[in-house]
Amino acid sequence: MKSIIVLFLLCVQTFFVYGQQAGQSAISTDFSGTYVAKGFRPGESYTSEPTYVIRCAINKTGDYYQVRWYEKGKLAYYGLGLHVDNVLAVSYLSVDNSIYGTVSYKDMRAEKGYLVGAWCIARTHPDALSNPSNGMEVLWPEQ
């Protein structure tokens with residue numbers, strides 16, 4: 001239960017960081033679908049070859065999005081997201097509850113064909129303490 005509360009609070013915090021202007025509504029674009037996530041962990045060089053490739057499934061549930069990341073076919077992370085303007089802001093948690101953080105995906109599907117995201121893990125995690133920079137990943141829609 002504590003993990004769900006932390007996950008929800010991270011999502012709300014991310015929503016208010018991006019916030020909506022008074023009188024503005026979110027773009028009606030739906031992020032639902034399956035994607036191939038190609039990315040780089042914090043502190044790694046952004047080269048032409050990603051350091052990890054995993055699957056990501058995004059499903060709209062009412063006003064929120066359920067996001068799941070799969071490594072080698074197994075659920076590794078799950079999250080709760082909010083759509084604000086052209087950004088999907090997601091708080092996430094590993095299935096073993098050892099890692100939590102946030103990721104914000106900018107919708108660049110119209111221009112480039114993908115979503116691009118910056119992510120970070122909680123400062124209490126050893127990886128975050130030794131490497132406080134963001135990771136980056138690109139979500140390519142699966143064909």
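The values are calculated or read from the model by the stated rules, or taken from the named source; none is laboratory data. This one's a predicted model, so the numbers in the text were calculated from it and none came from an experiment. Quick reminder, even Gly has a Cβ in these numbers, built from the backbone with ideal geometry, and neighbours come from all protein chains shown.
Only residues in region 69-85 that are without any contact (Cβ under 8 Å) to a residue 24 or more places away in the chain count as the first member; pair them with residues that are part of a strand (DSSP E or B) and of a type in the set (G, A, S), Cβ under 6 angstrom, at least 6 apart or cross-chain, and list the lot.
If the second residue must be part of a strand (DSSP E or B) and of a type in the set (G, A, S), the pairs left are Y77/S94.
Would you pick out the residues in region 45-68 that are without any contact (Cβ under 8 Å) to a residue 40 or more places away in the chain and charged (D, E, K, R)?
E49, K60, D63, R68
Filtering region 29-59 down to residues that are hydrophobic (A, V, I, L, M, F, W, C) and part of a strand (DSSP E or B), which residue is surrounded by the most Cβ atoms within 10 Å (Cβ to Cβ)?
From region 29-59, those hydrophobic (A, V, I, L, M, F, W, C) are 31, 36-37, 40, 53-54, 56-58; that's our starting set.
Right, trim to part of a strand (DSSP E or B) and you get 36-37, 40, 53-54, 56-58.
Details: V36: 16, A37: 21, F40: 18, V53: 13, I54: 18, C56: 24, A57: 16, I58: 21.
If we take residues in region 29-59 being hydrophobic (A, V, I, L, M, F, W, C) and part of a strand (DSSP E or B), then C56 is surrounded by the most Cβ atoms within 10 Å (Cβ to Cβ).
Could you please give the count of residues in region 72-106 that are in contact with a Lys or Arg (Cβ under 8 Å, 6 or more places away or on another chain) and part of a strand (DSSP E or B)?
5
Going through region 107-125 one residue at a time, which ones are in contact with a Gly (Cβ under 9 Å, 6 or more places away or on another chain) and either at pLDDT 90 or above or assigned to a loop (DSSP other than H, G, I, E, B) (or both)?
Scanning region 107-125 gives G117, A118, W119, A122, H125.
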